[in-house]
Amino acid sequence: MPEKDKNSQEGPDVRGNLIKVNVGGDTIFVDSNQYKPQVEHAKKLKQQHRKPKNPKPQEWISEEYSKHKIADYKPFNFVDGEGVRCSLYVSGCLFDCPGCYNLAAQNFNYGRPYTQELEDKIIEDMSQSYVQGLTLLGGEPFLNTWVCLKLINRVRKEFGHTKDIWSWSGYTWDELQKETPDKKEMLSKIDILVDGRFMDDLKDLTLQFRGSSNQRIIDVQKSLKAKKVVIWDKLVR
Ligand code: SF4
């Protein structure tokens with residue numbers, strides 16, 4: 001069998017640090033460190049066009065997924081809602097939004113268990129007069145309802161409505177109306193819901209407390225009373 005001609009091989013011809021590639025009929029040499037085979041490029045494009053998951057009503061049951069774990073706890077911060085806040089980041093989310101700001105917290109096993117000691121610490125931190133409220137985010141708070149309801153009930157017991165409670169969720173307001181009793185109970189006990197998946201193609205970093213323009217800052221108590229979405233009256237943008 002004749003020896004195969006080195007120059008007739010399929011795929012890129014590699015010479016030192018250079019790779020020979022065919023671009024529109026012309027042969028050029030490019031730096032191998034910068035060469036991205038088409039398959040990788042196609043994968044990247046597919047990734048960019050991927051959409052978050054859309055569960056059917058009551059498809060995801062919190063207690064079937066939640067491991068009652070916490071990705072992080074940040075006391076006294078200014079970014080997770082209005083005023084000074086204590087923020088609890090729960091572990092686990094199934095929405096799988098491309099461009100998710102907290103990939104690690106999508107894993108239900110990530111982080112450490114929610115403990116009574118942590119809860120007591122959050123209550124102690126929140127008792128400072130300059131703390132406006134509690135923020136629940138993640139991960140997905142509504143897929144960790146056991147943890148969130150335990151903490152919400154404690155906050156209401158200790159502080160009544162003198163502190164407010166904000167929660168982020170990948171679920172929209174309308175989806176939560178058709179959800180399981182635990183999710184509806186949690187919704188009924190909070191003040192503000194920032195709703196909806198993060199949509200990379202609607203990303204807007206100038207928005208207050210949201211990453212993409214489909215997300216809304218909803219006044220939960222007013223909305224429940226009016227039986228329609230009422231946007232937070234302090235919304236600027
Ligand atoms: S809903 Fe939030 S935490 Fe969940 S994947 Fe989307 S951006 Fe990430």
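Computed from the coordinates by the stated procedures, all read-outs in this text should not be read as laboratory data. Here the structure is a predicted model, which means the values were calculated and not measured. Every residue, glycine among them, receives a Cβ derived from its backbone with ideal geometry; neighbour counts consider all protein chains shown.
Checked against a 27 Å cut-off, the cross-linked pairs Lys121/Lys234; Lys51/Lys150; Lys56/Lys203; Lys183/Lys222; Lys51/Lys121; Lys67/Lys189 give Cα-Cα distances beyond that limit for Lys121/Lys234; Lys51/Lys150; Lys51/Lys121.
How would segment 62-149 be classified by its alpha-carbon gyration tensor: rounded, prolate or oblate, with rounded meaning a/c under 1.5 and the a/b versus b/c comparison settling the rest?
It comes out oblate by the Cα gyration axes.
When Phe29, Phe95 are sorted by how many other C-beta atoms sit within 10 angstrom of their C-beta, beginning with the fewest, the order is Phe29, Phe95. Using a ≥ b ≥ c from the Cα gyration tensor of segment 158-212 (square roots of the eigenvalues), is it rounded, prolate or oblate, where a/c under 1.5 gives rounded and otherwise the larger of a/b and b/c decides, a/b for prolate? Note, shape of segment 158-212 comes out oblate.
Under 1.5 on a/c is rounded, so check that first for segment 90-214, then, if it is not, pick prolate when a/b is larger than b/c and oblate when it is not; a ≥ b ≥ c are the square roots of the alpha carbon gyration tensor eigenvalues.
Taking the square roots of the gyration eigenvalues as a ≥ b ≥ c, segment 90-214 is prolate.
Determine the percent antiparallel among the DSSP beta bridges restricted to segment 62-226, to the nearest 5. So the antiparallel bridges amount to about 50 percent of the total.
Each residue in Ser66, Ser129 was given a count of other beta-carbon atoms within 10 angstrom of its own, and listing them fewest first yields Ser129, Ser66. Between segment 213-237 and segment 91-158, the C-alpha centres lie 22 angstrom from each other.
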